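Worksheet for the structure shown next.
The values are calculated or read from the model by the stated rules, or taken from the named source; none is laboratory data. This is a predicted model, so every value here is computed, not measured. Cβ: placed from backbone, ideal geometry, glycine included. Neighbour counts: every protein chain shown. Calculation scope for accessible area: heavy atoms of the full protein, side chains included, ligands and nucleic acids excluded. Shrake-Rupley method; radii C 1.70, N 1.55, O 1.52, S 1.80 Å.
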Amino acid sequence: MRGNEQLLRKLDWPTIGLYALLVMVGWINIYAAVYDEQQVKSIFDFSINSGKQLVWIGTAVVLITLILVADYRLFENLSLILYGIFVVILLLTPFIGKEINGQRAWFEIGAFRLQPAEFAKFATALALAKFMEAPTFDLTQGKFQIRALAIIGLPVALIMLQPDTGTAMVYSAFLIMLYREGMPQRYYILAISLLVITLAAIAVENNLYLAAGIVGMFVLFFFLGKKNWQRLVSLLLLSIAFVAYTYSIDYVVGKLPEHQQNRIMVLFDPDIDPLGVGWNVTQSKIAIGSGGLVGKGYLEGTQTKFDFVPEQHTDFIFCTLGEEFGWLGSLMVIGLFVGLLIRLVFLAERQKTRFSRVYGYCVVSILFFHFAINIAMTVGLFPVVGIPLPFFSYGGSSLWSFTILLFIFLKLDSHRIQILGRLS
């Protein structure tokens, strides 16, 4: 009993409070997204999504309890085993998983579905933390960079076999953690440069202008820096590589599946097909914009009531919030997410071991990626990739996976002094 009391005192209750608020606000918005004034049902009705989500919330509480009563050393000791188990599950998913919307990404258990790729995130985070805790680990060395990226890349490759591009994309969030742990900045500068060129090449009709701009930029770099043959050759080779990359983008995009090409093109021209591929984003922006400053009121959203936005209870749940609670309500929820992320960064920085710190930053990175991309997607600033808003979107897999991810870290944080003492 005394041990339980000590654990409760050591838990970070501000984080738990933010988690609980987000889950509850998400739950009432799920009810609003499925509300039908012609056939009014209770929010607790298990025949609709809000009732089903309540079951997932209740089982999430059970998972939280199991995590908190477990020995904190269990997560480190089983990290590589868990990673191996989920790699095998991901390998089997394309063959034995249930196909939905052209993807074999789910296991069906009775009336419920679970998505293994969601749970593989925390297993990958634990494996990275275990690998990177070694005293000799140094991200400035190529061999360690390759091994860390291989741990991330293996589940990504297996998820792409399903295929589930959106979920696979989430694993790039681990690069944020790698940056914190010392991955050289030049890789990020290169990645951002390629991303900017990619977007520009898609947006600009004539790549000749873009190529000329790239060459001009490298010429400017040469004259602003040291003038020697080695630097001239390096910049010349880089400019050739960047120009070649620019001209390859149209070919690569043309090889993508049609629905992915359409999602990219809608980003640059939402009116390209307003009744087809542009429907989701257009209706999403209408719903959010119609909420104005304070919203139309709970259960009063017309876009929501008449199902104008597909998947509004899952990937586009933010539309319901924007329409019914307006700019102020949206700002408050964004504030909750930002507050949670800031708190988690603080917790990660106060960890006494690299294992706990790395895992903490993995949690921050994944939650930030989901939060930023999902909201950007609903307002037309990012292509529709189908990833949920943490703790908000309907679905057991996402709620369970985010809950497990978060509370393993809170468990580690509550024992940070003991972990330091054990190592010393």
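Can you list which of the DSSP-assigned H helices in the chain have a Cα extent of 20 Å or more along the long axis and an average Kyte-Doolittle score of at least 0.5?
Helices meeting the criterion: 13-34, 49-69, 79-96, 116-132, 142-160, 185-203, 207-224, 229-255, 317-349, 354-378, 396-414.
Would you mind working out the accessible area per residue for the chain, using a 1.4 Å probe, and quoting it in Å²?
Accessible surface, normalised per residue, equals 49 Å².
Round to a whole angstrom and tell me the spacing of the C-alpha centers of segment 164-233 and segment 277-346.
Their Cα centres are 33 Å away from one another.
With every atom except the alpha carbons ignored, what do you get for Rg and Dmax of segment 104-255, in angstroms?
When restricted to the Cα atoms of segment 104-255, Rg and Dmax are 20.1, 69 Å.
Would you mind checking which residues have amide H under 5 Å from TRP106's amide H? H placed 1.01 Å from N; only 5 or more apart, or other chain.
LYS98
With a 1.4 Å probe and every protein chain left in place, tell me how much accessible area HIS415 has, in Å² to the nearest 10.
In the full protein context, HIS415 sits at about 30 Å².
Hey, what did the chain get for relative contact order, percent, Cα under 8 Å, at least 6 apart?
25
Counting other Cβ atoms within 10 Å of each Cβ, which trypsin sites (Lys or Arg not before Pro) in segment 1-80 have at most 15 and sit in a DSSP loop?
Filter output for segment 1-80: LYS41.
How long are the three semi-axes of the equivalent ellipsoid of the chain, in whole Å, if each is the root of 5 times an eigenvalue of the C-alpha gyration tensor, listed from largest down?
Calculated on Cα positions only, the semi-axes equal 36, 32, 20 Å.
Ignoring any ligand, DNA or RNA, what whole percent of the accessible area of the chain comes from carbon and sulfur when the probe is 1.4 angstrom?
Summing carbon and sulfur atoms, their accessible area is 68 percent of the total for the chain.
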